[in-house]
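Beneath this line is the structure, given in structure tokens, with notes to follow.
The values are calculated or read from the model by the stated rules, or taken from the named source; none is laboratory data. Here the structure is a predicted model, which is why all the values come from computation and not from measurement. FYI the Cβ positions are ideal-geometry reconstructions off the backbone, even for glycines, and counts take in every protein chain you see. With ligands, DNA and RNA removed, areas are computed over all heavy atoms of the protein, side chains included. Shrake-Rupley method; radii C 1.70, N 1.55, O 1.52, S 1.80 Å.
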Amino acid sequence: LISYRLERANESYDEAILMKKERHYNTCANRLYYACFYAVLALMEKYDLRSGKHSGIKAFFNQYLIKTGKMDKKFGKLYNELFNSRHEADYIEFVRFDSETVEPWFKEVKDFILTVEKLIEL
């Protein structure tokens, strides 16, 4: 299950790249969020933790990974920003993301996934 979730994280990242090429920036924000989301789910599996809600997964991430220093605070900021952006893009009318907004997230999300993969190897 951990491997599957990491595969989904990387797949979602690749989907975000495709969406960026097509200039579908709202969907791009969605896929970048899900790339991090699936990575966090993989970590939760490692610790044998479960949550049925996105907010519960975000709480786990912040409490067990950011506050404990297992992951850098910059990743906490990124995850929270993507969480909010995905919600806005999916549910709020007239929200439009652009290239300038989503472009910086790509390197950060890739670093996020790589960091999670290293944590899982330990």
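Considering only residues that are in a helix (DSSP H, G or I) and open to solvent by 30 Å² or more (accessible area, probe 1.4 Å), which ones fall in the stretch 27-54?
Matches in the stretch 27-54: Thr27, Arg31, Tyr34, Tyr38, Glu45, Lys46, His54.
Are there any pairs, at least 6 apart or on different chains, whose C-beta atoms fall under 6 Å, with the first in the stretch 59-85 and open to solvent by 50 Å² or more (accessible area, probe 1.4 Å) and the second modelled with pLDDT of 95 or more and assigned to a helix (DSSP H, G or I), and if so, which?
Within 6 Å, no pair qualifies.
Is it true that Lys20 is in contact with a Cys (Cβ under 8 Å, 6 or more places away or on another chain) and assigned to a helix (DSSP H, G or I)?
For Lys20, the condition - in contact with a Cys (Cβ under 8 Å, 6 or more places away or on another chain) and assigned to a helix (DSSP H, G or I) - is met.
Ala16 - would you say it is open to solvent by less than 40 Å² (accessible area, probe 1.4 Å), under 14 Å from the mean Cα position of the chain (by Cα) and touching a residue at least 60 places away in the same chain (Cβ under 8 Å)?
Considered against the rule, which asks whether it is open to solvent by less than 40 Å² (accessible area, probe 1.4 Å), under 14 Å from the mean Cα position of the chain (by Cα) and touching a residue at least 60 places away in the same chain (Cβ under 8 Å), Ala16 comes out as yes.
Could you tell me which of the residues Lys73, Lys58 is among the basic types (Lys, Arg) and within 13 Å of the chain's Cα centre (by Cα)?
Lys58
Select from the stretch 60-76 the residues that are assigned to a helix (DSSP H, G or I) and either touching a helix residue (DSSP H, G or I) at 6+ places or on another chain (Cβ under 9 Å) or at pLDDT 95 or above (or both) and list them in ascending order.
Phe60, Phe61, Asn62, Tyr64, Leu65, Ile66, Lys73, Lys74, Phe75, Gly76 - these are the residues of the stretch 60-76 that are assigned to a helix (DSSP H, G or I) and either touching a helix residue (DSSP H, G or I) at 6+ places or on another chain (Cβ under 9 Å) or at pLDDT 95 or above (or both).
Among the candidates Phe94, Phe83, single out the residue that is modelled with pLDDT under 95 and either farther than 22 Å from Ala42 by Cβ or touching an Asp or Glu at 6+ places or on another chain (Cβ under 7 Å) (or both).
Phe94
Could you look through the stretch 92-122, keep only residues that are among the β-branched types (Val, Ile, Thr) and assigned to a helix (DSSP H, G or I), and pick out the one that is most open to solvent (accessible area, probe 1.4 Å)?
It comes out as Thr101.
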